[in-house]
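Readers should treat all values here as calculations from the given coordinates under stated rules, not as data from a laboratory. Keep in mind that this is a model prediction, so the values were computed, not measured. All Cβ positions, glycine included, derive from the backbone under ideal geometry; neighbour counts span all protein chains shown.
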Amino acid sequence: MGAVTSSMAAKFAFFPPNPPSYGVVAEEGTGKLRMTGVAKKDNVDVLKVKTKRGNEIVAMYVKNPVAKLTMLYSHGNAADLGQMYDLFSELSIHLRVNMMGYDYSGYGQSTGKPSEQNTYADIEAVYNCLQESYGLKEEDIILYGQSVGSGPTLDLASRLSRLRAAVLHSPIMSGLRVMYPVKRTYWFDIYKNIDKIPLVQCPVLVIHGTADDVVDCSHGKQLWELCKEKYEPLWVQGGNHCDLELYPEYIKHLKKFIIAIEKSAHLINESMPSTNQTENTRNSVDCQPRESTYQREKSRSSTDQREKPRASIDQREKSVTSIDRREKSRKSMDYAEKANNNAEQPEKARNSIDRFGVIMRSAVLCNIDCFKPVGAKV
């Protein structure tokens, strides 16, 4: 039965670029691996990781010295690491995270053949590598799944009780649901994300284009509705399946999400139960979902607003008691200087996002229509 499912998956879900867009060579003397066909960068590690199904997959780890979190990215079905190289580098800079990307079995320079079960083994092997080779904990990691990549992402996320967060980019409810409007899950379906999303304990951000003609936006919306801990979704108006990175709101919203996740660290540390307790809660029918990250953000903003009047009263009292006019004048000048500095910040942010868009326009993120059955016209 499992073999039949994997066979179906290989027929309509996987389209590795042929030939691969990059190669892997070992440097003379050091033996360190590097990718050919892309710009060499000192902050990028190239790895080969063994999976429990016997395949050797290629991964790349982009280091950011100021990063607190690491994003494990599962790409779409028509791309490989060479095509995603620039995107990973830019995301690492803009989001201030370490980035780990990998090629599924049969993609790029990874060995084996693409299949649903292989992708599950692939992401698990890379996740274990992050823990063993880079010393990361479960709560230091954000899983990111694009299109088909939402399958291995949600499979792993549904089994990790302390995962920091997950991002679903143009996700699918299941493989069969992309092609047919079925209302139930069949045994031969693949990537049954719709059944796994309620098991995910961490905050989930869903990003989907409203004009997606490959995976309808209803997939993203349905998955978001089923999330246990929702974060404010991003429905990109006019966005299609392979161009969401070109919209300014994409990087802005993603960055906002990462910042919110970083700020939630103290909440996680204070309320985190033991592993056994977490599993018991996860299996309990009566478990209550945690307050969503989105709601915590709104609550925190409300608290900040209440604090402002109190600060204002304190300032007025200090002004009444102060008799040094020169001090007041100096403070006024300092305030004006800060206002000028603040006015410069939006301009810097806008220029940074514009640069991101220019780089992404030159990247090849998807080279064919996804989920086309073999033999179908592209």
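In sequence order, segment 127-135 has phi-based couplings of 4, 5, 5, 4, 6, 7, 8, 10, x Hz under the Karplus curve 6.51 cos²θ - 1.76 cosθ + 1.60, θ = phi - 60°, and Gly or Pro positions carry x. 3J(HN,Hα) along segment 186-191: 9, 4, 8, 5, 10, 6 Hz, from the Karplus curve 6.51 cos²θ - 1.76 cosθ + 1.60 with θ = phi - 60°, whole Hz, x for Gly and Pro. A DSSP coil position with no more than 12 other Cβ atoms inside 10 Å describes the following trypsin sites (Lys or Arg not before Pro) in segment 12-115: LYS32, LYS40, LYS52. Taking 19 Å as the limit for the C-alpha separation, the pairs LYS32/LYS63; LYS68/LYS255; LYS32/LYS137; LYS183/LYS221; LYS230/LYS256 exceed it in the case of LYS32/LYS137. The packing ranking of peptides 239-246, 166-173, highest mean first, is 166-173, 239-246, where packing means the average number of other beta carbon atoms within 10 angstrom of each residue. Residues whose amide H falls under 5 Å from that of GLY112, counting only those 5 or more places apart or on a different chain, are GLY106, with hydrogens built in the peptide plane.
Using the Karplus relation 6.51 cos²θ - 1.76 cosθ + 1.60 with θ = phi - 60°, the per-residue 3J(HN,Hα) values for segment 174-180 come to 5, x, 5, 5, 5, 9, 9 Hz, with x marking Gly and Pro.
For GLY239, the residues whose amide H sits under 5 Å from its own are THR210, ALA211, ignoring neighbours fewer than 5 places away on the same chain, with H placed 1.01 Å from N. Of the GluC sites (Glu not before Pro) in segment 27-74, the ones in a loop by DSSP (not H, G, I, E or B) with at most 11 other beta carbons within 10 Å are GLU27, GLU28. Of the peptides 199-205, 82-88, 222-228, the order by per-residue mean of other Cβ atoms within 10 Å, starting with the highest, comes out as 199-205, 82-88, 222-228.
Report Rg(Cα)/(2.2 N^0.38 Å) for segment 151-250, keeping two decimals. Before the final figure, lay out the partial values.
Numbers: Rg = 13.1 Å, N = 100, 2.2 N^0.38 = 12.7 Å.
Relative to the 2.2 N^0.38 Å estimate, segment 151-250 comes out at 1.04.
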